[in-house]
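The values are calculated or read from the model by the stated rules, or taken from the named source; none is laboratory data. These numbers were taken from a predicted model, which means no experiment stands behind them. Backbone-built Cβ (ideal geometry, glycine too); neighbour counts: all protein chains shown. Note: accessible area is taken over every heavy atom of the protein model, side chains too, but ligands, DNA and RNA are not part of it. Shrake-Rupley method; radii C 1.70, N 1.55, O 1.52, S 1.80 Å.
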Amino acid sequence: MNALREKARELLATKTVQVVIGYAPGSGGAARALFVREAAQAGELVFDETCLQNLAAYLMKPEVRRLGRAALVARPATLRTILQLAAENQLAESSLLALVPGADGVLSLSTFSAIEAHVAAQDNDLSAAEKSELEKFAAMGLDERREFWQEQFSRCLKCYACRAACPLCYCTRCTVECNQPQWIPVPAHDLGNLEWNVMRAMHLAGRCTNCGDCSRACPVGIPLYLLNQKLCSDVLSSFNQRSGMAARADHSLSTFKPDDPEDFIR
Amino acid sequence: MARIGVFICHCGENISATVDVKQVAAAAARIPGVAHSVEYKYMCSDPGQQLVKDAIREKGLTGVVVAACSPRMHEPTFRRACAETGLNPFLCEMANIREHCSWVHEKGDATTEKAIDIVRTLVAKVKKNKALQPIQVPVTKVALVIGGGIAGIQASLDIANAGHRVILVEREPSIGGHMSQLSETFPTLDCSQCILTPRMVEVAQHPNITLYSYAELESLDGFIGNFKARIRRKARSLDETLCTGCGLCTQKCPTRKIPGEFDAGLGLRPAIYVPFPQAVPNKPVIDREHCTYYRTGKCRLCEKICPTQAIRFDQLDEIVEVEVGAVVVATGFDIKHGDFFPEYGYGKYPDVIDGLQFERLASASGPTLGEIRRPSDGKVPETVVFVACAGSRDPAKGIEYCSKICCMYTAKHAMLYRHKVHGGKPYVFYMDIRAGGKMYEEFVRRAMEEDGVQYVRGRISRVFERDGKLVVKGADTLLGARPMEIEADLVVLATAAVAQPGAEELAQKLHVSYDAHRFFSEAHPKLRPVETNTAGIFLAGACQAPKDIPESVAQASGAAAKVAALFSRSELVREPLIAVVDRQPPPVYSSCVGCFLCQSACPYQAIEKEEIRGRDGQLIKTVARVNPGLCQGCGTCVAFCRTKSIDIQGFSHEQVHAEVLALLNRGERDA
């Protein structure tokens, strides 16, 4: 933690970056995001197992972008998010620097290729617990699955907290806000909730980097990560592509490659 | 307020026999916004069109719905009729109550109800239609012809003779294709090379034709009238401008035992070679795979012997970029080889050969100088069995289609054999004889009746060797499936005609569709046989389906006529039914977030990056832009855009949504 504070201090003092986005203790035992803009403030930074939020979401906010070059305290999913955003033409390489706290100090990754190398070396697979939960879900019959989600979505309030937390929900105009015509109904009724959540899951298919922030943000505890993980694993098995592995990558769902496995068509 | 006119066509009885058109007209009249609703026997007839025109003028219609056949049939008719009155043609829509309703349902109330629903959706749509203006695209009057077989040669000559420049690309060292390998041609038995080589020479000499032989298409971008092609000119390993084609190098090359492609593997050629004496261009090429110098680093004999010092061992492939307005694909076909017929011993016994190999045996320029001698020992065969439909029309082999040329060339082969070997006994095993074509049936009958070819209706089960003879086991199905066994000296298989091995890859480069057998797909099987579904790309010859020479030539001339028609104007008018990306006033500029996932989804490379800059030149936003010349209006990008920032003109979100609502809300009307 001290190494991280030291690094932040140095980056700000040398004006290498204008802001360090990291974690500070928040309420209820959770960590919150901290924007360190003065070297003196770097001591407030913490990094421990409570620091779960994917801070890459802030990179897409215009008010954060205006601050200047940012150093981002990055967890494994954060690094993948950075690469995914880059692949979607949303990030300039010069606009950020990733700080990866580890056992022996802080790693500072200033280029996309450095991030790519780091991501390639880390374990990007789902954890054993996640896998077993997904298998349980996959084992459900179609009717059972529909019932499960209908029950889950019936509690959705359409507060859009999942969207606000998601670093890949960076659209300035979301589909639900298109009202000429209004394809997705606004009211929080069963059909509207289903359409909204399915639409969001589809928009994240092949893009989601599995940070889990949507589920943590949901005030009624809908396990949205299940939907996203399922789609991620389907994209991986169908198109042999994992999101957020490279800063220049074609989107698996919009790109035809002659060597796509495509087992589902043949 | 919308004033929509609805015009319901009986289509003779095609619609009115199952749909109560009067009821449809009455129901349409009750739809809000409909100012005029009539039915008529033939709306596409002159008086029918007049009904539309008069109503537009008299009732001041703001939109027209013609409920009749598919828009693929008469949409242009009615749009032109509307335009004549001054109504924007894109304010006219077709409600397809024939293909989508009357033809596919029984007569009854439900069918009429459906017709009303279809009309209702189109009325809802046309209310949201906007006046659109056609798009004008410039045309580069240069054609690219891919493939220098007879189809490519014919297409090139026709386009060149129409006064346009042609770039002809041929993969092999010489143009000529399969036709140059043939001995004689049916049904006239004139020598193939004698009729082909004058055309080849004409190509070489034509001032409008640029020939790139030993070259392949690397990539094709762009759109009708404005393609950019990259052509890879493979290294011949010699300077073509210096080479005089004297042939000394090919005579002196020490590596001489390479099975020649031109002789279908029956003859041998050196490592530096010209495929055949009349090759165009008559310049050799070094086969680097077999050349001693490339394999061992020693030799260079050709370099020493060349009187003009034309050999270039270090030559690299060269990429040529050209701009063309149209493309004719004439890449031809291949025949099935190898272990596809284990039951016939093809590939196992040297005297079981394919039709193309027989052509070389019968050809004066072939390895036997035109004498029929079997490959194994050079003996003149006394009995020859010809097997038609080897692979073709055989679902078990995965080739359901008829290869079309085999019946005729097998008759020709048997005839040529009889002409050259007077005492010879030819047998033809066949399933059916398909000799549809001018003088074709007469040709086959001549083989049977005058030349004494024994035709046996039945299939061959097996070919095996016994005491130096090939035993052919089959059955004569016209004589009660009597089993037959013939001891033959030579077996000729009319193997199935199949697509070129690289056809799928080429189709993907060109963005044209292909069928399950990798033959390229025409835009319409009957009415648009030479066009592909990609505008500006045309088909000629056997790359589309197996074809004989007259058909290939006819299609090539057809494709050339299409190209000449395209080049007859310097600008091209296209329908404006294309995608557009949202643009708004500042400070939003566009709802596009510039993720460009649409870019890779677009099958036509129509999506570009546009940088929106302020007055000070500062970059504000990079957003997508659709190139109106390239876009084909397929809508893939629309489905892909998360922010719904792309719309198709004429099929906008608003229009489609209105159609869906019109269907969903039909209950309210019934209540």
Hits in the range B:479-493 - residues which are small (Gly, Ala, Ser) and either open to solvent by 10 Å² or more (accessible area, probe 1.4 Å) or at pLDDT below 95 (or both) = B:480, B:481
Residue count, the range B:233-256 (criterion: surrounded by 18 or more Cβ atoms within 10 Å (Cβ to Cβ) and farther than 30 Å from residue B:375 by Cα) | 6
Give the residue that is farthest from the chain's Cα centre (by Cα), with candidates limited to residues of the range A:76-90 that are of a type outside the set (Val, Ile, Thr) and within 23 Å of residue B:609 (Cα to Cα).
-> A:89
Residue ranges of strands (runs of 3 or more DSSP E) in the range B:201-240 with at least 3 members within 21 Å of residue B:563 (Cβ to Cβ) and in contact with a helix residue (DSSP H, G or I) (Cβ under 7 Å, 6 or more places away or on another chain) | B:215-223
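Mind listing whichever residues of the range B:433-460 are within 35 Å of the chain's Cα centre (by Cα) and of a type outside the set (D, E, K, R)? I'd like the intermediate steps shown before the answer.
The first filter runs over the range B:433-460 and keeps only residues within 35 Å of the chain's Cα centre (by Cα), leaving B:433-447, B:455, B:457-460.
Passing the criteria: B:433, B:435, B:436, B:437, B:439, B:440, B:443, B:444, B:447, B:455, B:458, B:460.
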Do we find that residue B:609 is within 9 Å of chain A (Cβ to nearest Cβ), open to solvent by 60 Å² or more (accessible area, probe 1.4 Å), farther than 30 Å from residue B:528 by Cβ and charged (D, E, K, R) in this structure?
-> yes
Note down all Cβ pairs under 8 Å where the first residue falls in the range A:47-72 and is at pLDDT below 95 and surrounded by fewer than 20 Cβ atoms within 10 Å (Cβ to Cβ), the second is charged (D, E, K, R) and not in a loop (DSSP other than H, G, I, E, B), and they're at least six residues apart or on different chains.
-> A:52/A:213; A:52/A:216
Residue, farthest from residue B:619 (Cα to Cα), within the range B:593-606, restricted to residues that are within 9 Å of another protein chain (Cβ to nearest Cβ) and out of contact with any Cys (no Cβ under 7 Å at 6 or more places or on another chain) | B:600
With A:177, A:133 as the choices, which residue is of a type in the set (D, E, K, R), more than 12 Å from chain B (Cβ to nearest Cβ), over 19 Å from the mean Cα position of the chain (by Cα) and open to solvent by 50 Å² or more (accessible area, probe 1.4 Å)?
-> A:133
Quick one: in the range B:397-417, which of the residues that are within 26 Å of the chain's Cα centre (by Cα) and of a type in the set (A, V, I, L, M, F, W, C) is most open to solvent (accessible area, probe 1.4 Å)?
-> B:402
Quick check: anything in the range B:206-214 under 30 Å from residue B:441 (Cβ atoms) and out of contact with any Cys (no Cβ under 6 Å at 6 or more places or on another chain)?
-> no
Hits in the range B:645-667 - residues which are surrounded by fewer than 20 Cβ atoms within 10 Å (Cβ to Cβ), part of a loop (DSSP other than H, G, I, E, B) and either at the interface with chain A (Cβ under 8 Å from one of its Cβ atoms) or on the phi > 0 side of the Ramachandran plot (or both) = B:650
Residue list for the range B:268-286, restricted to those being closer than 21 Å to residue B:301 by Cβ and polar (S, T, N, Q) | B:282
Can you tell me which of B:551, B:522, B:610, B:531 is touching a Lys or Arg at 6+ places or on another chain (Cβ under 8 Å), among the acidic types (Asp, Glu) and within 17 Å of residue B:154 (Cα to Cα)?
-> B:531
Among the listed residues A:242, A:207, which satisfies the condition of being open to solvent by less than 10 Å² (accessible area, probe 1.4 Å) and either over 21 Å from residue A:74 (Cα atoms) or in contact (Cβ under 8 Å) with a residue 24 or more places away in the chain (or both)?
-> A:207
Can you pull out the residues in the range A:137-161 that are surrounded by fewer than 14 Cβ atoms within 10 Å (Cβ to Cβ), in a helix (DSSP H, G or I) and at pLDDT 90 or above?
-> A:139, A:142, A:143, A:144, A:146, A:147, A:150, A:151
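Please work out if residue A:252 is within 13 Å of another protein chain (Cβ to nearest Cβ) and touching a residue at least 60 places away in the same chain (Cβ under 8 Å).
On the way: within 13 Å of another protein chain (Cβ to nearest Cβ): yes; touching a residue at least 60 places away in the same chain (Cβ under 8 Å): no.
No.
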Give the residue, chosen from B:259, B:275, B:307, B:281, that is in contact (Cβ under 8 Å) with a residue 40 or more places away in the chain and open to solvent by 70 Å² or more (accessible area, probe 1.4 Å).
-> B:307
Selection status of residue A:164, surrounded by 15 or more Cβ atoms within 10 Å (Cβ to Cβ) and among the small types (Gly, Ala, Ser) = no
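Specify the residue that is nearest to residue B:379 (Cα to Cα); the eligible residues are those in the range B:333-369 that are among the acidic types (Asp, Glu) and open to solvent by less than 40 Å² (accessible area, probe 1.4 Å).
B:351
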Check off (1) more than 13 Å from every other protein chain (Cβ to nearest Cβ); (2) surrounded by 14 or more Cβ atoms within 10 Å (Cβ to Cβ); (3) not hydrophobic (A, V, I, L, M, F, W, C) for residue A:187 and give me the number that stays unchecked.
-> (2)
Check the range B:620-628 and report whether any residue there is in contact with a strand residue (DSSP E or B) (Cβ under 8 Å, 6 or more places away or on another chain), polar (S, T, N, Q) and without any contact (Cβ under 8 Å) to a residue 60 or more places away in the chain.
-> yes
Residues (within 14 Å of chain B (Cβ to nearest Cβ) and outside any helix (DSSP H, G or I)) located in the range A:83-119 = A:88, A:89, A:90, A:91, A:92
If residue A:260 satisfies every condition in (1) out of contact with any Phe, Trp or Tyr (no Cβ under 6 Å at 6 or more places or on another chain); (2) modelled with pLDDT under 90; (3) within 14 Å of chain B (Cβ to nearest Cβ) but one, which is the exception?
-> (1)
Odd one out for residue B:631, checked against (1) under 32 Å from the mean Cα position of the chain (by Cα); (2) in a loop (DSSP other than H, G, I, E, B); (3) at the interface with chain A (Cβ under 8 Å from one of its Cβ atoms); (4) among the hydrophobic types (A, V, I, L, M, F, W, C) | (3)
Matching residues in the range A:39-82 (assigned to a helix (DSSP H, G or I) and not β-branched (Val, Ile, Thr)) number 19
Can you tell me which residues in the range A:178-216 are over 24 Å from residue B:644 (Cβ atoms) and of a type in the set (A, V, I, L, M, F, W, C)?
-> A:211
Kindly list the number of the only condition in (1) out of contact with any strand residue (DSSP E or B) (no Cβ under 8 Å at 6 or more places or on another chain); (2) surrounded by fewer than 23 Cβ atoms within 10 Å (Cβ to Cβ); (3) not acidic (Asp, Glu) that fails for residue B:3.
-> (1)
